[in-house]
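The values are calculated or read from the model by the stated rules, or taken from the named source; none is laboratory data. Just so it is clear, the structure is predicted and the values come from calculations on it, not from any experiment. Glycine also receives a Cβ, built like all others from the backbone with ideal geometry; neighbour counts cover every protein chain displayed. With ligands, DNA and RNA removed, areas are computed over all heavy atoms of the protein, side chains included. Shrake-Rupley method; radii C 1.70, N 1.55, O 1.52, S 1.80 Å.
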Amino acid sequence: MTVAGRRVGGWAGVIITALLSASPPTRLPAQVAGDIASLSGSTRSAGLAGAGVALVGDAGSVFANPAAIASIRHLALEGSYEEYPAGATLSSAAAAVGFGPFAYGIGTHVLRPATELGRPTDVLALSAIVFRFGMIAVGTSVKYVREGLAVPQVEAWATDAGVAIALFDIFALGASVENIGGDLSAGAHLPRRTRFGFTMNFADPQGSGRLLTTVEGQWPEGRPSVIVAGAEGGMVTRGGIGLIARIGISGRTSSIDMSPLALGAGITLGRLRLDYAYRSTSTPSGAMHRLGVRWTR
């Protein structure tokens with residue numbers, strides 16, 4: 001064999017070895033079409049393993065059920081930040097105002113990939129309007145989704161519809177249908193998801209003790225149904241200072257890497273609430289941590 005032939009053979013060996021030893025890029029949580037639309041809307045919901053369709057009164061509830069913001073009397077604000085083991089980050093924000101029998105809310109998710117991937121972000125933005133009559137509220141939202149992590153990049157418009165029934169501060173029932181319409185470009189579409197659940201307060205929320213449970217069923221299009229259950233409890237002083245602990249469990253998760261168990265905690269400082277959620281994964285790089293802040297007037 002000539003010297004040139006040996007060189008070509010050597011380079012070919014190096015290339016083949018590199019191809020065989022290369023591992024696929026780390027999978028991000030929104031690489032499946034429509035997954036950004038299924039992420040938890042708040043840190044509180046994340047600490048309850050994703051249950052949220054019947055969590056009324058928080059601005060972040062607008063992501064799971066537009067009607068859930070009906071009990072907001074004046075103004076509610078919420079924001080959160082989460083980092084995934086692969087290096088991607090999720091930033092969320094929501095705001096809602098109540099005026100008479102109506103409530104209006106907006107929200108956004110921004111999912112940024114790991115820096116080394118050099119790809120655009122995923123974005124979800126929505127706007128919701130709610131009408132309340134008595135204990136019953138009905139609402140709808142219009143959302144825009146752009147999935148920059150997809151190749152090619154896709155985008156879509158969709159609507160959500162929801163209903164909430166709140167019996168004072170004791171019991172709440174919620175149901176929603178997400179991603180009605182939602183045809184993405186490149187032949188994909190946002191998977192529709194139906195949710196139904198309830199929350200029950202076993203302690204007076206105006207007192208010092210806190211104990212709430214929630215159970216929710218989820219029926220995502222093209223995936224197995226999911227049952228999610230969670231509880232939160234703690235103590236709050238008369239001055240509005242307190243500690244809350246949360247736990248949630250999901251029968252199945254959207255990711256095979258994610259633990260079905262979620263944990264959370266919260267600090268209450270009057271109208272201000274600081275939240276934390278934790279969920280482990282099977283990846284070597286660790287777990288997901290989410291921090292959030294809520295304020296309601």
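Just a few scattered comments:
- The stretch between Leu211 and Phe131 holds 25.9 nm of extra length on full extension. This uses 0.36 nm per residue minus the Cα-Cα distance.
- Average projected area [Cα convex hull, region 33-155], square nanometres: 7.4
- Converting phi to 3J(HN,Hα) with the Karplus coefficients 6.51, -1.76 and 1.60 and the offset θ = phi - 60°, region 258-266 yields 9, 5, x, 9, 10, 10, x, 8, x Hz in sequence order, with x at every glycine or proline.
- Take every Cα pair under 8 Å whose residues are at least 6 apart in sequence, average their separation, divide by the length of region 118-244, and the relative contact order is 15 percent.
- Share of carbon and sulfur in the accessible area of region 42-137 stands at 65%, probe radius 1.4 Å.
- Sorting the segments 236-248, 98-110, 45-57, 75-87 by their residues' average number of neighbouring beta-carbon atoms within 10 angstrom, most packed first, yields 45-57, 75-87, 98-110, 236-248.
- Solvent-accessible area assigned to carbon and sulfur over region 207-257 amounts to 65 percent, based on a 1.4 Å probe.
- Theoretical FRET efficiency, 1/(1+(r/R0)^6), r = Cβ-Cβ of Tyr144 and Ala114, R0 22 Å, to 0.05: 0.35
- Approximate spin-label separation Val293-Ala161, in nm, with each point projected 7 Å along Cα-to-Cβ: 3.8
- Note on Asp169 and Met235: the model spin-label points, each 7 Å out from Cα along the C-beta direction, lie 1.8 nm apart.
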